[in-house]
Structures are given as structure tokens and as C-alpha cells.
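> I have a structure here, written as C-alpha cells, and I will follow up with some questions on it.
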Amino acid sequence: MSDEVKTEETPARATHALIFELEYVAARKRQVEFTAIKNAAKTKGVELTLVSFVRSGMSPLPRAAITSVLKQAGKKSDAIEKAVASVEKEITAYCKNDAELDKGLGKLIKAVQEKEIPVLAFTALPEADAVALMDKLGLFEMGVELIIPDEVKESFPRADSWLKMLKKCDKEDATLVAVVSSQIACKGALTAGAACIAVPDEFTTFQDFSGAKMVLDSLSDAKPKEILDLTLRM
């Protein structure tokens, strides 16, 4: 009998990765947020418009978003538990029942995976909502990894958020392609060294995406090969 001890091989670290915003790129949650916060603000005597919502900062955290909207309108931001709960309920329902996967993203994910490159989604959602959304969109079945940040601040994801997330999933040294929908996410990803594809929605379309490789109205506006040839640097 051989005395040699077999050791398990350590999997090679990924040299490249695609990472995207779960609720704002894979799905269109910002419209749901706007409608829910608009209804909540109305109970406080505030008529929320698209412009005022954009100027409020559009925090992904319902409490912070409602507080900002009320302060901007010169209203007190106390006693808002009922409004926050209402917004959170609508977001949860959307994640579980109504969200649909962006078709352009679905094609991009498949093209990346054909190159044996890992695909990851990050989120500002509570874990239960994020898992429900991943299930609803079929992303777990597609082999997409979900990143739950250890901390989500009122303004997210800035550069420090990106660095912490990348360290958490062991991708801080990988060549990254980040698909984002907002200026904050774009600037943070660029600072972390990622190549960015920006896909703004009606609320972020006028933001500054300087440094992005592409700014698209829809991921369907460019072929996956075109996007990957421009960003992967393989």
C-alpha cells in the first residue's frame, strides 16, 4: 500500500468576472421604489415628482429615501415607521411576484459563461428579498453568485463598498466588468478598477457616467460579443 497522502487541489482563482446590480440592472426596481415612496410621501402631505425623487438622492434604503424626500420638502421626518413598512412591503412583493429578468442581461450572462467566466450579482436589498428576486429571475439556476454586502450605507455602492464586496467574494485581483445603472455605482466600480457598462434608467439617465466603456439605453442595444470584446481584456 502506498504511503503517499493525497491532497485536494486548490481551485484556480478566477482571473476575470462579470458583476452587476441585481435589482437595478437585472430588474427595474427603481420605478417600484418611486411609486411606493410617492404613495408613502403623500400620507405626509408631500407630492413627489420624478424630478424631486431624483434630487433626493434615491437611497436604496427605504427609511433613508423617505427621510430625504420629506426633508427636501421641508417636512418633519419623524414618525415614518408606517410609511417605511409600506414601501418595504411593496418592494418585497415586487421581488417575489412581479420582477422580470432583463433580456439583454440574460444574453450577456450566457455569453460570459461560455467563456467560463464567473458571473456575480450584488444587491442593497435585505437578504430575504435578494434571494427571492434571484429565484424569480432564474439567476440561481443560471449559475449566478449572489453577493450580500456586510453593510449598505445610505449612498451605495461607493468605492469602499465595491472594495469590500470584491474582497468578500475573492475577486479583488480579477479583471472585472461591472454593469451598473447609476453614477454612484459607476464611479465606485471605476475606482475599484472595473471596466463599466452603464445602463441608466429614466431616473439616472442624466447622471455623469464619465469613464464608462459604454452607456446604453438597454443591454439589448449592443451584442454581448461587442461588450465583451471592449471590456474583458483577455
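The values are calculated or read from the model by the stated rules, or taken from the named source; none is laboratory data. The structure presented is a predicted model; accordingly, all values stated were derived computationally and were not measured. Cβ sites come from the backbone with ideal geometry, for glycine too, and all protein chains shown count toward neighbours.
> Considering only residues that are in a helix (DSSP H, G or I) and not charged (D, E, K, R), which ones fall in the stretch 114-140?
ALA128, ALA130, VAL131, ALA132, LEU133, MET134, LEU137 - these are the residues of the stretch 114-140 that are in a helix (DSSP H, G or I) and not charged (D, E, K, R).
> Does VAL51 fit the bill of being outside any loop (DSSP other than H, G, I, E, B), β-branched (Val, Ile, Thr) and either in contact (Cβ under 8 Å) with a residue 40 or more places away in the chain or on the phi > 0 side of the Ramachandran plot (or both)?
The answer is no for VAL51.
> Given (1) modelled with pLDDT of 95 or more; (2) of a type outside the set (Phe, Trp, Tyr); (3) over 21 Å from the mean Cα position of the chain (by Cα); (4) farther than 17 Å from THR92 by Cβ, where does ASN39 come up short, assuming only one miss?
Exception for ASN39: condition (4).
> Just the residues that are within 20 Å of LEU219 (Cα to Cα), in a helix (DSSP H, G or I) and in contact with a Lys or Arg (Cβ under 7 Å, 6 or more places away or on another chain), please, taken from the stretch 79-113.
ALA111
> Can I ask one more? Is there a residue being closer than 24 Å to SER155 by Cβ and either among the β-branched types (Val, Ile, Thr) or at pLDDT 95 or above (or both) anywhere in the stretch 73-80?
yes
> Across the stretch 173-211, which residue is surrounded by the most Cβ atoms within 10 Å (Cβ to Cβ) among those that are of a type in the set (D, E, K, R) and over 23 Å from PRO224 (Cβ atoms)?
It comes out as LYS187.
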